[in-house]
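A.B. asks: Sending over a structure as structure tokens; questions will come in a sec.
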Amino acid sequence: MYEKKDKKPANSNAELTSLSDLGEFGLIDRLTRNVKYYHPETLKGIGDDAAVIDAGEKVILLSTDLLVEGIHFDLTYMPFKHLGYKAAVVNISDIAAMNGVPKQMTVSLAVSSRFSAEALDELYAGFIMACDKYKVDLVGGDTSSNVKGLMISVSIIGEAKKEEVVYRSGARTGDLLCVTGDLGSAYIGLLILEREKSVFQVDPSMQPELSGFDYQVGRQLKPEARTDIRNLLLGIGVKPTAMIDISDGLASEILHICKQSGVGCKLFEGKIPMDEHTRELAKEYKIIPSVAALSGGEDYELLFTVKQDDYEKIKEIAEISIIGHMIPSSEGKQMITPDGKSIPITAQGWDGMKAR
Ligand code: ADP
Ligand code: MG
């Protein structure tokens, strides 16, 4: 077990570092600091939405994601079919974030004896539904028993031409910061599901009251990946300079682009696209609406930067909002509130608001 900072082991001079102090990204940096690459085909290793591997004419994009029961999903309100669909989509989204085309995936399960074959059939129905929609081949995986609960690990391969790939690191001062769709609804959907779960726990005869919240609950239970954006941008002749998908919340993803690109940014709070009903619901939950977008996550929209010259081409696209621009890193990462105040953008720590 990890010791709290103020409770060092009495008979040890070893200083143990708690994972919560490091944070998820600090831990990844620490674990991977001695990793070496031996192959020139490894164009990009750790540090983006997918690794990029030279395959001659094209590049292969490779990404993997782990979903753990009790951390990433709660089976009290997550139907198995939706869970399979979502596990596929979160991986497909990482390929979309590289401006690639998803092609093949593997699915690995660690499952306790508490689950029936019928439940896992449903999980696979969800995977197959997503594979059909996004035209991805499910080509393998691994199956193991588990002491407790369910774990799902998905790896995905995508493809792109070398010059099509968009990294997190390409944003430059003056570039426009853009986002697809709208943000924050998946998080509000989660709050609604959690509320109904607590009602159910008090009185199991109660049925969940989800009508009227279809959009928010749908965004949480059945997200989609923005594989359409690649073709949309191709159609208007725009190539993003940097891109990432929004899995952890807008703030955290902006900071990733800034860090990897060595720039700062100015985000205009009033320009963050949000569904009107989601804004109202956020207020009912006593949350500042923009915070649901900044820290909520799981919307699986794309965040990207484009050259300022592309403004005319981008501004008319309904699916895309321009929410700010990149500035020199010395000027920081700022959010400008509607009344003109500048506040530094910070990300929630380890699992932040997603901790369940
Ligand atoms: P995403 O949110 O797009 O799934 P992550 O934040 O999980 O990306 O990961 C960031 C980067 O760190 C990725 O390049 C990922 O492959 C890498 N990474 C995450 N965990 C590990 C690990 N345990 N060992 C090596 N690389 C890792
Ligand atoms: Mg990602």
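The values are calculated or read from the model by the stated rules, or taken from the named source; none is laboratory data. Keep in mind it's a predicted model, so treat the numbers as computed, not measured. Glycine also receives a Cβ, built like all others from the backbone with ideal geometry; neighbour counts cover every protein chain displayed. To get the accessible areas, we keep the full protein, side chains included, count just its heavy atoms, and leave off ligands, DNA and RNA. Shrake-Rupley method; radii C 1.70, N 1.55, O 1.52, S 1.80 Å.
A.B. asks: State whether the chain is rounded, prolate or oblate according to the following rule on the C-alpha gyration tensor (a ≥ b ≥ c being the square roots of its eigenvalues): a/c under 1.5 gives rounded; otherwise a/b larger than b/c gives prolate, and the remaining case gives oblate. Intermediate results must be reported in sequence, preceding the final value.
C.D. replies: Values: a/c = 1.23, a/b = 1.17, b/c = 1.05.
Judged from the Cα gyration tensor, the chain comes out rounded (a/c under 1.5).
A.B. asks: Just to be sure I understand the rule: take each whole DSSP H helix in the chain, project its Cα atoms onto its long axis, keep it if the span is 20 Å or more and its mean Kyte-Doolittle hydropathy is at least -0.5. Which ones pass?
C.D. replies: 80-96, 117-134, 185-202
A.B. asks: Which aspartates and glutamates have a Cα lying under 20 Å from the Cα of LYS36, excluding residues fewer than 8 positions away in the same chain?
C.D. replies: Within the straight-line cut-off, LYS36 pairs with ASP48, ASP49, ASP54.
A.B. asks: First select every other residue whose beta carbon is under 11 angstrom from the beta carbon of ARG114; then total the charges, Lys and Arg +1, Asp and Glu -1.
C.D. replies: 0
A.B. asks: Then there is this: What does DSSP give for segment 62-159 in terms of the percent of beta bridges that are antiparallel, rounded to the nearest 5?
C.D. replies: 65
A.B. asks: For the pairs LYS259/LYS333; LYS222/LYS315; LYS44/LYS161, note any where the Cα-Cα span goes beyond 19 Å.
C.D. replies: Long pairs (Cα-Cα over 19 Å): LYS222/LYS315.
A.B. asks: In terms of modelled amide H atoms, which long-range or inter-chain residues lie less than 5 Å from the amide H of ILE345?
C.D. replies: Here the answer is LYS333, GLN334, MET335, since their amide H atoms fall under 5 Å of that of ILE345.
A.B. asks: Could you work out the local net charge near ILE192, counting Lys and Arg as +1, Asp and Glu as -1, over the other residues with Cβ closer than 11 Å to its Cβ? It would help to have the intermediate numbers written out before the result.
C.D. replies: On the way: positive: ARG195, LYS197, ARG219; negative: GLU194, GLU196, GLU209, ASP214, GLU284.
Every neighbour counted, the sum reads -2.
A.B. asks: Pairs of alpha-carbon atoms within less than 8 angstrom and 6+ residues apart define the contacts here; what relative contact order does the chain have, in percent?
C.D. replies: 20
A.B. asks: What does the charge count near CYS131 come to, summing +1 for each Lys or Arg and -1 for each Asp or Glu among other residues with Cβ under 12 Å from its Cβ?
C.D. replies: Around CYS131, the charge tally is +1.
A.B. asks: Further, regarding this structure: Heavy-atom accessible area per residue, segment 145-225, 1.4 Å probe: how many Å²?
C.D. replies: Dividing the accessible area of segment 145-225 by its residue count gives 44 Å².
A.B. asks: Roll a 1.4 angstrom probe over the protein heavy atoms and tell me the percent of accessible area of segment 36-175 that is carbon or sulfur.
C.D. replies: Its accessible area is 56 percent carbon and sulfur atoms.
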